[in-house]
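Undergrad: Below are the structure tokens for one structure; questions will follow.
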Amino acid sequence: MVVARSTVTVASAPTRFNRADWASAFRNVEQELSQVPVRVASGTVPVELEGCLYRNGPGRLERGGQSVHHPFDGDGMITAVQFAAGEARCSNRFVRTEGWEAEEQAGRFLYRGVFGTQKPGGAMANAFDLRLKNIANTHVVRLGDQLLALWEAAEPHALDPASLETRGLSRLDGVLSKGEAFSAHPRFDPGHHGSPRMVTFGVKTGPRSTIRLMEFATEDDAAAGIRAGDLLCDRRDSFNGFAFLHDFAITPNWAVFLQNAVAFNPLPFVMGQKGAAQCLASKPGGQAMFWLVPRDSGAHAGEEPRLVPAPEGFVFHHVNAWEENGALVIDSIHYSDFPSIGPDVDFRAVDFDSIPEGLLKRCSIDLASGQCSTELLGERCCEFAMVNPAEQGLKARYAWMAVAEREQGNDPLQAIQKRDAQTGATRVWSAAPRGFVSEPIVVARLGGTAEDDGWVLVPVWNGAREATDLVILRADDLSEQAVLELPLAIPHGLHGSWVAGPVMV
């Protein structure tokens, strides 16, 4: 593993990366651990790093000899790595959802997957079965005394933060109704309006879509009678058109949504031929829209949302947004088209050259005129980007993201890039040739004043040992501080979070 980077000549996929190493991560996790000491293979764990890294992602990818069609259909598994006094311990648990329990007992798939996994028996066995299994596999966050495993099409599952045992579905003390969608991508306001809070949403889709924007307290305030987890703000807004929304962004005054120009044809799903997500397609000639929803905690509370035409393409994830000189600026990862894996494609053999890469772009919206301009910030394939949590909703100078090893074109993510928004300069740490990275998590040093004073925690699939490493990098120069060999082989994951403070037992 190296820090220095050099230009990589474009080559054929077999010579660009080791497909066998990349694909070897797609396997079932066969064990659940509790507080197992983690071996430090190199370097030292910073003593100041105290808290817990939680990760979520698919951990069950095969049942009864049948593989999922897409890894996003795998059952959710939470991994927790707890740090204290320069040491780390690892635990993991599957989320005991109703569907997981039933399929564990049956030893086969009983539900269809959103991304194309079918029950045994072909189209006839799947037709008209419109049930969706809440797989709780996308994100994990702490809210009050609960750890929430998130899947955006239904309620979260509550877990014990220390043992990771599943407590059951949570409707957040009556905030949610049965089966109500709850985003798997909340944003954490660091305190723009006096106290930190979790801002999130749910979306009800259809020919006209409704967004419910919610803000929750993340700290107790005895004087105000507020407990962590209490609902502070709640509003609903409806918009024309179908909405496929995984992520959004916040500023002190706005929640920013991008309605991608996609169409949903449910017929193949109803007839048992495709998963629901496979029925999405870019709408030719369609117009993407930014939906700017005023936050009830901000200066435009009570105002109607503003609609602004957005650029062509497709966006899963936003990096950050902020307000500047009468404009709202948002950095996002844009694809030229909606990336999808067809019913007849094995995801382990997917042709990366046929799938559009994610590129970092900046949209600047003039709030007075409603005009939007777009700027390409880099040509390197990227995903899973974030800023220092204290800069969420502000004009952050730095962003950290997972990127491909080569500087142009689509490949698996094998490196971490730090980008300086002021100068455009970048630094890259690489896990190539046999390492593949997941979402980096930025942890600020307690008491630090510089925006890049802290660490970046990076899960890396190590193809050489066919298991997962956790790499700790310095946030400022991406120098390698430690490599921890986790006692687990964890499939390529999705999202995670950091909870600072003393290690729980």
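The values are calculated or read from the model by the stated rules, or taken from the named source; none is laboratory data. Every value quoted in this text rests on a predicted model; they were computed, and no experiment measured them. Glycine gets a Cβ as well: all are built from the backbone with ideal geometry, and neighbour counts include every protein chain shown.
Undergrad: Just for the stretch 393-424: of the residues that are more than 14 Å from LEU360 (Cα to Cα) and out of contact with any strand residue (DSSP E or B) (no Cβ under 6 Å at 6 or more places or on another chain), which one is surrounded by the most Cβ atoms within 10 Å (Cβ to Cβ)?
TA: ARG406
Undergrad: May I pose another question? Select, from LEU494, LEU478, LEU488, the only residue that is in a loop (DSSP other than H, G, I, E, B), in contact (Cβ under 8 Å) with a residue 12 or more places away in the chain and at positive phi. Give the steps one after another, and end with the answer.
TA: On the way: LEU494 fails: at positive phi; LEU488 fails: at positive phi.
Only one candidate qualifies: LEU478.
Undergrad: Here is a check on your reading of the model: is ALA390 among the small types (Gly, Ala, Ser), under 19 Å from the mean Cα position of the chain (by Cα) and surrounded by fewer than 22 Cβ atoms within 10 Å (Cβ to Cβ)?
TA: Working: among the small types (Gly, Ala, Ser): yes; under 19 Å from the mean Cα position of the chain (by Cα): yes; surrounded by fewer than 22 Cβ atoms within 10 Å (Cβ to Cβ): yes.
Spelling it out, ALA390 is indeed among the small types (Gly, Ala, Ser), under 19 Å from the mean Cα position of the chain (by Cα) and surrounded by fewer than 22 Cβ atoms within 10 Å (Cβ to Cβ).
Undergrad: Let me ask something else. Look through the stretch 57-85, keep the residues that are surrounded by fewer than 21 Cβ atoms within 10 Å (Cβ to Cβ) and within 29 Å of VAL443 (Cα to Cα), and return whichever of them is farthest from the chain's Cα centre (by Cα).
TA: Applying the filter and picking the extreme gives ALA85.
Undergrad: Oh, and also: Across the stretch 180-212, what is the total count of residues that are among the hydrophobic types (A, V, I, L, M, F, W, C), more than 15 Å from HIS157 (Cα to Cα) and not in a strand (DSSP E or B)?
TA: Applying the first criterion (among the hydrophobic types (A, V, I, L, M, F, W, C)) to the stretch 180-212 yields 181-182, 184, 188, 198-199, 201, 203, 211.
From the residues that got through so far, the ones that are more than 15 Å from HIS157 (Cα to Cα) too are 188, 198-199, 201, 203, 211.
Next, from what is left, pick out any that are not in a strand (DSSP E or B): none.
Qualifying residue count, the stretch 180-212: 0.
Undergrad: Among the residues of the stretch 160-179, is any outside any helix (DSSP H, G or I), over 22 Å from the mean Cα position of the chain (by Cα) and buried (at least 21 other Cβ atoms within 10 Å of the Cβ)?
TA: Within the stretch 160-179 (the criterion being outside any helix (DSSP H, G or I), over 22 Å from the mean Cα position of the chain (by Cα) and buried (at least 21 other Cβ atoms within 10 Å of the Cβ)), the answer is no, since none of the residues qualifies.
Undergrad: Considering the stretch 385-413 alone, what residues qualify as being more than 22 Å from ASN18 (Cβ to Cβ) and assigned to a loop (DSSP other than H, G, I, E, B)?
TA: VAL387, ASN388, GLN392, GLY393, LEU394, LYS395, ALA396, ARG397 - these are the residues of the stretch 385-413 that are more than 22 Å from ASN18 (Cβ to Cβ) and assigned to a loop (DSSP other than H, G, I, E, B).
Undergrad: TRP291 - would you say it is part of a strand (DSSP E or B), touching a helix residue (DSSP H, G or I) at 6+ places or on another chain (Cβ under 9 Å) and modelled with pLDDT of 95 or more?
TA: Details: part of a strand (DSSP E or B): yes; touching a helix residue (DSSP H, G or I) at 6+ places or on another chain (Cβ under 9 Å): no; modelled with pLDDT of 95 or more: yes.
It is false that TRP291 is part of a strand (DSSP E or B), touching a helix residue (DSSP H, G or I) at 6+ places or on another chain (Cβ under 9 Å) and modelled with pLDDT of 95 or more.
Table: residues versus (1) surrounded by 19 or more Cβ atoms within 10 Å (Cβ to Cβ); (2) over 17 Å from ALA301 (Cβ atoms); (3) out of contact with any His (no Cβ under 7 Å at 6 or more places or on another chain).
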position	(1), (2), (3)
LEU213	yes, no, yes
THR218	yes, yes, yes
ASP221	no, yes, yes
GLY225	no, yes, yes
LEU231	no, no, yes
ARG235	no, no, yes
ASP247	yes, yes, no
ALA255	yes, no, yes
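Undergrad: Further question: Which number in (1) surrounded by fewer than 19 Cβ atoms within 10 Å (Cβ to Cβ); (2) assigned to a strand (DSSP E or B); (3) not β-branched (Val, Ile, Thr) marks the one condition that ALA450 misses?
TA: (2)
Undergrad: Now a separate question. Take ASN92 and decide whether it is touching a residue at least 24 places away in the same chain (Cβ under 8 Å), touching a Ser or Thr at 6+ places or on another chain (Cβ under 7 Å), buried (at least 19 other Cβ atoms within 10 Å of the Cβ) and closer than 30 Å to GLU407 by Cα. Before you say what the answer is, go through the steps one by one.
TA: Working: touching a residue at least 24 places away in the same chain (Cβ under 8 Å): yes; touching a Ser or Thr at 6+ places or on another chain (Cβ under 7 Å): yes; buried (at least 19 other Cβ atoms within 10 Å of the Cβ): yes; closer than 30 Å to GLU407 by Cα: no.
No; evaluated as a whole, the condition is false for this residue.
Undergrad: If you go through the stretch 289-322 one residue at a time, how many are closer than 26 Å to ARG380 by Cα and surrounded by fewer than 19 Cβ atoms within 10 Å (Cβ to Cβ)? First the steps, then the outcome.
TA: Residues of the stretch 289-322 that are closer than 26 Å to ARG380 by Cα, as a first pass: 289-290, 309-322.
Retained after the next criterion (residues that are surrounded by fewer than 19 Cβ atoms within 10 Å (Cβ to Cβ)): 309, 311-312.
Counting residues in the stretch 289-322 that are closer than 26 Å to ARG380 by Cα and surrounded by fewer than 19 Cβ atoms within 10 Å (Cβ to Cβ) gives 3.
Undergrad: So how many residues does the stretch 352-372 have that are touching a Pro at 6+ places or on another chain (Cβ under 9 Å), surrounded by fewer than 17 Cβ atoms within 10 Å (Cβ to Cβ) and closer than 19 Å to VAL256 by Cβ?
TA: Matching residues across the stretch 352-372 total 2.
Undergrad: Within the stretch 241-258, work out how many residues are at pLDDT below 95 and either assigned to a strand (DSSP E or B) or touching a Leu at 6+ places or on another chain (Cβ under 7 Å) (or both).
TA: 2
Undergrad: Scan the stretch 210-224 residue by residue and report those that are modelled with pLDDT of 95 or more and among the small types (Gly, Ala, Ser).
TA: Across the stretch 210-224, the qualifying residue is only ALA217.
Undergrad: Condition test on ASP237, is it outside any strand (DSSP E or B) and in contact with a strand residue (DSSP E or B) (Cβ under 9 Å, 6 or more places away or on another chain)? If you could, list the steps in order and put the result at the bottom.
TA: Details: outside any strand (DSSP E or B): no; in contact with a strand residue (DSSP E or B) (Cβ under 9 Å, 6 or more places away or on another chain): yes.
The answer is no for ASP237.
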